[in-house]
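Novice: Handing you a structure now.
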Amino acid sequence: MFRFLQKLRRRRAMYQSIEDELAFHREMAASHDNLIPLGNTAVIAEHGYALWRFNFLENLWRDLVYAARGLRRSPLLVLAALVSLGLGVGVNATMFSLGMELLFSQPSVRDAGSVVAIRFSGNSHSPHQVLEFLASSGLLADVVGENEEVISNYNDGTETRPVFSVFTTKNYFTALGIPVLYGRGIAPDDPDEVAVLSYSFWRQHFGGDPSVVGRTLNLDGRMCTVVGILPEHHRTLIGFGYSPEIYMPRYLDSTILAIYGRLKPGMSIPAVRAGLIAVGKRMDQALPVDYKYEEGLQVSPVAGYARLKYESDTLAIAVFFALLLAVTGLVLLIACVNVASLLLARASERRREIAIRIAIGASRGRLLQQLLADSLLLSLAGACAGLALAEISAQMLARIHLPVPIPIRLQISPDWRLAIYGAFLAVLSMLACGLLPAWQAMKESIAHNLHREKKMRLRRALVAVEVAISVVVLTMGFLFLRNLMHASALSPGFDVVHTIRANVNLPPSGYTTNVQKYAYFDRVVSSLAALPGVESAAAARVMPFNGGTHFMVDLTFPDNGQKQGARFDWNAVTPGFFQTMSIPMLQGRTFAAVDRGEHVVVVNSEFVRQYLGGRQPLGTVFLWGRYDKTPYRIVGVAAVTKTMTIGEEPKPQIYEPLDQIDNDRREIEFVMRSAIPPGLQLEPVRRVLHRIEPMAGAEVHTMYSSIGLAFLPSQVGALLMGSTGVLGLLLASIGLYGVMAFSVARRTREIGVRVAIGAGRADVVRLLLGDSARVTLAGIAAGLLTALLVTKPLAMFLVPGLTPGDPLNFLVVAVAMFATALAATGNPILRALKIDPASALRED
Amino acid sequence: MGKAAQPALLQGTLDLLILHALQRGAMHGYAIAQTIHLLSEEVLKVEEGSLYPALWRLELDGAISAKSGLSENNRKAKFYQITKHGQKLLADQEATWERLSTAVSRVLAG
C-alpha cells in the first residue's frame, strides 16, 4: 500500500532522475579514473522504470491500444463482432430490463419497503368499514384503500368516454407519500369533488398545460376540481405497468377497496400478520359477515424481492422471464462463438508475432493478457452497442400500445442494475470469445506445425457447438410460434368476425333500479337491431375474454335431493345473445317472454356433462346453493365457448336472462352481428348510443380487435421466443459461413492440386459440402438431444394439443438448420470453383 | 513484477551493505559504491547495474529517502539518506547476516 502511494506521489520526478543519475555515475567513475562501468544503461533504466510503474494497468492499457491498432486493420472482423455481440447483448439487456420492470419495479410511494397489501379472508377488496376499523385499531402507521378498476365517464363538453380511474381513500396521497408533478395530491380535508390526473391523460387531453390544475372536469356528471398531475414515471401499487388515468376520492358508500397499510418502524411481516389476525377476530364481532376475516388472511409487501415470495402469480412471470433470459443468454453464446471463431482465424495470422514475443521472453500470463485484450475491446464495444440497442427498443416498447383493454404503460429506463448486467455480459463474452483463441494461439506458437490440423478441427467443433445451441433456441422459438398458430386456429366458440362489441358505462343518476336499467338495455338493443346492416343485437353482463364472473356453489337437485359441488362461469344475457354471437343452441331454446315469473337458465354442454349426472337437461330443476330455495329450470343447452383464454379447457357455464337478475352494475355490454364489414358499423353504433344516453361512456370495437387479450400471452411469448430463435439462426449461419469461407481459403492449394490432377467441379462441391454437412449434422444431433431435455418444462405455457416433444417440431428445426447451413456454404463453394489450379499452385 | 535473476542472498546482502554505508550520512550512488568498495578493502565491487535498481527499490520501500544536492565537484546529484524504517531494516538484516555467517563459518569449521 505504501508503495502504491509512493508511486503515485513521486512517479514523475523519479522517472526524470533515473537517467540523470546514471549519467552522473558514469561521469564520476570516469573522473576518478577507475571502474568505467560496462553495463547497459538502457537496461538499468528499464529496471528502474519497471519498479515505478503500475505494471498491470499500464500493460493493460498498452495492450488495449495495441489491440485497437490491430483491429483497425480488420474492419470486417470488428463489424461482424460488433453486430453479433451487439445483437446478443441488446436482446439480453432488453429482456433483463423488461423483467426487472415487471417484477421488481418500485411503486411511486415514499419508503415502498414499509407498505404492505392486506387481504382479509383472501378478499382482494373490502368495504370501507373494514378499513376504518383497521385504522382505528392503531396496528399500522397508516391504512389506505383504493379501488383501481373503476371506469368513470369523462365528458369533455362534446363527448362522453369511459376512463380508467382509481377511487381512493382521502389519505391515500399523503399517507403513501406519492410525488406529483404539478399541484398536490388529494388531501384528507378535501371535498369529494377533486381529482388527480395521470401524466398521459393530461398530455392527451390538455396538451400538457400546467394551468389545468384548479380547473374542473365533468366526471360521472360531477364537477371535480383538478388538484394535481402525476409525474410521467408514476408507478402504481399494483405494478405491471398498469396506468389508470384519474385518481379521485371514493364518493360512493358501496365502493369496495383494496387495503394497503404502512408498517410502523421496525415492524416485521409476521408481527403485523399476528396483529391483523387479532384485529380480524374483533371484526368478526363488530362487523359480522358470513365468513371469518382472519381466515385466509394475506399480507404481502408491495415492492422488491419480498413481493415475489408472497405472490404466486408473480412467480410464474418470474419463471417465464428466467426462461427468456436463459434463451437470450444462449443467443449471446452463439454470438460469442462467432467472434471466437473469427479471433481464432486471426490468431493464426499472428502466429509469427507471438512466436517472437515468446522468444524475447514474454511470459505466458503476459501473452494471454495481450491476446485477451482483443476480445476485451470487442466485447466492451459490443456491450455498448447492445445497451444502446436495448435503450432504443425500450423506447419503442414504451410507445407500443398493447392490445389489451386496460391501460398498460411499461416504463423501462436504464438503471444501475442494467449497467451491472451489461458489464457482466461484457466480461462473460470477453471470456467466451477470447479464452479459447488466446490459448490456442499460444499453444500453436510453441510448436506451430503440429497443431495446424488440430486448429481447423477446433473451429469445426466451435461451429458444431454453435449449430447445437441454435437448434435449442430455434426449437423453443418454433414451439412458441406453433403455439401462436394453434391458438389462432382454435375457435373461441362464437363469431368474432362479423360481430361488434360496445361496452357502455351508465351514469349513476337515473339508473338506480333494475327497471330503469332494463328499459335502457331494451331500447338500445332494439335501436341497434334497427340499424341498416345489423342482423341482430343483444346485451350481456360480461363479454367473453374481457373479465368474467365465476361461481363455486353447491347445486341441489330436488328430484333426488342430491347435492353437487359445482364451479362455473356465469353470464346474464338478453334472448338474442346466442343468435347474435352465433353460439349454437344444442337443445331447447333461448329465453322467452313466457318464462317471466319463473327462474330459467341456459347451460352449456360442459355443464350438462359435469354436473347433471346423466339427467335429461331440458326441464331439469336445481336449487342454487344450499339455502336458496328458488328453483332454476334449464330451458336450453348451448355449445361451449371459451371464456378467458383461447387455449383453456372447456368450462361449465350458466346463462341467466338479464331481466331476471338483480343488476347492481352500471356497466353493460352490447353485441351486434353485422352483415356488412363490422368496421363500417362502429360510427353508426356510437351515434345510437350517444343519442339514447349522452352521459354514458361507450367503447365500441369490432369483436376481433377487442378480444386481443386472449391471444396476448402466446403472442408475446411467440414474438419474443420466435425472434430470439431467428436471431440465433442468423448468427449461427454467419458463423458457419465464416468457417467455410476460411476453410476454402486455407485449402486453395489443395483444391488447386485436386483440380489439376483431374477433379471435376462436382468433386470439389462434394468435398466442401461433405465438410459442412458433417459439422452441421453433428451440431444438429447434439442440439436436438439437448432441446429434447430443456423444452420439457415449457409445457405449462402451451395450448392443449401441443407438446414440447412433438417430433414435427424437431424435424422442422433440423431441416431449417441444415438448409441454412448449406446456404451459408454456397458462397465459399462458388469461390472454390473459381480456383485456378495454375495460380493456386504458384501461391506460397 | 520485475524478474530479478540474482540469488536472494546476494540481493539481500547488497541491501544490507547499502544501508550500512548510508549510516555514515547522506551520499550519492557513486559514493555508496565507493564506500562499499573501500570498506571491503577493495574486495567487493558494486556494479551500477545492481546498485541503482537496489537503491530505487529501497527508496520505494521507504528504507531510504532521496533528495537532490550538489556533489563535491559541484554537480547536481541525488543523495540518499537512511530513514527510521531503514534503520530498523538494517538492524534486522544485520542480525540475520550475523546468524547466517556464524552458521556458515561453523559448518566450514566443522
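Novice: Can you tell me the Rg and Dmax of segment A:48-139, counting just the alpha carbons, in angstroms?
Specialist: Radius of gyration, then largest Cα-Cα span, for segment A:48-139: 28.5, 83 Å.
Novice: Additional query: Can you give me the Kirkwood hydrodynamic radius for segment A:515-580, using every pair of distinct Cα atoms, in Å to one decimal?
Specialist: Taking the inverse mean of 1/r over all distinct Cα pairs, segment A:515-580 comes out at 14.5 Å.
Novice: If R0 is 22 Å, what FRET efficiency do you get for A:LEU808 and A:SER723 from their C-beta distance, rounded to 0.05?
Specialist: After rounding to 0.05, the efficiency reads 0.55.
Novice: What angle do you read, to the nearest 10 degrees and between 0 and 90, between the alpha-carbon axis of helix A:128-137 and the longest principal axis of chain A?
Specialist: Once rounded, the angle reads 60 degrees.
Novice: Could you sort out which of B:LYS67/B:LYS88; A:LYS264/A:LYS292; A:LYS443/A:LYS834; A:LYS292/A:LYS517 sit more than 28 Å apart by Cα distance in this structure?
Specialist: Result: A:LYS443/A:LYS834; A:LYS292/A:LYS517 exceed 28 Å.
Novice: Also, I was wondering about something else. For segment A:320-368, go through all pairs of different Cα atoms, get the mean of 1/r, take its inverse, and jot down that Kirkwood value in Å.
Specialist: 13.3 Å
Novice: Summing +1 for each Lys or Arg and -1 for each Asp or Glu, what net charge is found among the other residues whose Cβ lies under 12 Å from the Cβ of B:GLY29?
Specialist: Net of charged neighbours comes to -4.
Novice: So, one more: Normalising by the residue count of chain A, find the relative contact order in percent from Cα pairs under 8 Å and 6+ residues apart.
Specialist: Relative contact order of chain A: 15 percent.
Novice: Counting Lys and Arg as +1 and Asp and Glu as -1, each charge on the Cβ, what is the dipole of segment B:13-109 about the Cα centre in debye, to the nearest 20?
Specialist: 280 debye
Novice: Count charges around A:PRO191 for me, please; just the other residues with Cβ under 12 Å from its Cβ, Lys/Arg as +1, Asp/Glu as -1.
Specialist: Overall, the nearby charge balance is -2.
Novice: What percent antiparallel are the DSSP beta bridges of chain A, to the nearest 5?
Specialist: About 80 percent, rounded to the nearest 5.
Novice: At 1.4 Å probe size, with the rest of the protein present, what percent of the exposed accessible area of the protein assembly as shown is carbon and sulfur atoms?
Specialist: Ligands and nucleic acids excluded, carbon and sulfur reach 61 percent.
Novice: Given Cα positions, please report Rg to Rh for segment A:499-710, the hydrodynamic radius being the Kirkwood one.
Specialist: 0.97
Novice: Straight distance only, please: which aspartates and glutamates reach the Cα of A:LYS642 with their own Cα at less than 20 Å, same-chain residues fewer than 8 apart left out?
Specialist: List returned: A:ASP495, A:ASP569, A:GLU606, A:GLU656, A:GLU669.
Novice: How about segment B:50-65: which of its residues lose at least 50 Å² of accessible area in the presence of all protein chains relative to their chain isolated, using a 1.4 Å probe?
Specialist: B:TYR52, B:TRP56, B:GLU59, B:LEU60
Novice: What fraction of the Cα pairs in segment A:526-622, stated in percent, has a spacing above 19 angstrom?
Specialist: 52 percent
Novice: Can you work out ³J(HN,Hα) from phi for every residue in segment A:681-690, in order, using Karplus 6.51 cos²θ - 1.76 cosθ + 1.60 and θ = phi - 60°, giving whole Hz and x for Gly and Pro?
Specialist: 8, 4, 5, x, 5, 4, 5, 4, 4, 5
Novice: Also: Calculate, for the protein assembly as shown, the solvent-accessible area per residue in square angstrom, rolling a 1.4 angstrom probe over the heavy atoms of the protein chains.
Specialist: 47 Å²
Novice: Mind pulling the angle between the C-alpha long axis of helix A:761-790 and the longest principal axis of chain A? Nearest 10 degrees, somewhere in 0 to 90.
Specialist: 50 degrees
Novice: Which one, A:SER470, A:PRO179, A:GLN106, projects farthest toward the positive side of the charge dipole computed for chain A from Cβ point charges (K/R +1, D/E -1)?
Specialist: The one lying farthest along the dipole's positive direction is A:SER470.
Novice: Another question, if that's okay. Taking the mean number of other Cβ atoms within 10 Å as a proxy for protection, how do you rank A:321-329, A:261-269, A:779-787, A:85-93 from highest to lowest?
Specialist: Listed from highest to lowest mean packing, they are A:85-93, A:779-787, A:321-329, A:261-269.
Novice: Principal axis lengths of segment A:112-303 from Cα atoms, whole Å, largest first?
Specialist: 51, 33, 30
Novice: Projected onto the charge dipole of segment A:143-227 (+1 at Lys/Arg Cβ, -1 at Asp/Glu Cβ, origin at the Cα centre), which of A:PRO188, A:VAL227, A:PRO162 gives the Cα projection farthest towards the positive end?
Specialist: Ranked along the dipole, the leading option is A:VAL227.
Novice: While we're here: Between rounded, prolate and oblate, where does segment A:628-667 land on the alpha carbon gyration tensor, with a ≥ b ≥ c its root eigenvalues, rounded for a/c under 1.5, else prolate if a/b exceeds b/c?
Specialist: oblate
Novice: Please report the antiparallel percentage of DSSP beta bridges with both residues in segment A:499-710, rounded to the nearest 5.
Specialist: The answer is about 80 percent antiparallel.
Novice: Something else about it: If the viscosity is 1.306 mPa s and the temperature 10 °C, what translational diffusion coefficient in µm²/s does Stokes-Einstein give for chain B when Rh comes from Kirkwood over Cα pairs?
Specialist: 107 µm²/s
Novice: Summing both sides, how much accessible area is buried between B and A? Use a 1.4 Å probe and give Å² to the nearest 100.
Specialist: 2600 Å²
Novice: Moving on to the next point. Out of A:VAL700, A:SER84, A:MET95, whose Cα points farthest toward the positive end of the dipole of chain A (charges: +1 Lys, Arg; -1 Asp, Glu; placed on Cβ)?
Specialist: A:SER84
Novice: Mind grabbing the accessible area of A:ASP662 for me, 1.4 Å probe, Å², rounded to tens?
Specialist: 120 Å²
Novice: Also, I was wondering about something else. Per residue, how big is the convex hull of chain A when only Cα atoms are used? Give it in Å³.
Specialist: Cα-based convex hull of chain A, divided per residue, equals 246 Å³.
Novice: A follow-up question, please. Extent of segment B:66-106 along each principal axis, from alpha carbon coordinates, in Å, largest to smallest?
Specialist: Principal axes ranked by extent give 48, 22, 9 Å for the Cα atoms.
The values are calculated or read from the model by the stated rules, or taken from the named source; none is laboratory data. Note that the coordinates shown come from a computational prediction; the quantities given were computed from them, not determined experimentally. Here Cβ is always computed from backbone atoms with ideal geometry, including for glycine, and neighbour counts include all displayed protein chains. Note: areas computed on protein heavy atoms with side chains; ligands, DNA, RNA excluded. Shrake-Rupley method; radii C 1.70, N 1.55, O 1.52, S 1.80 Å.
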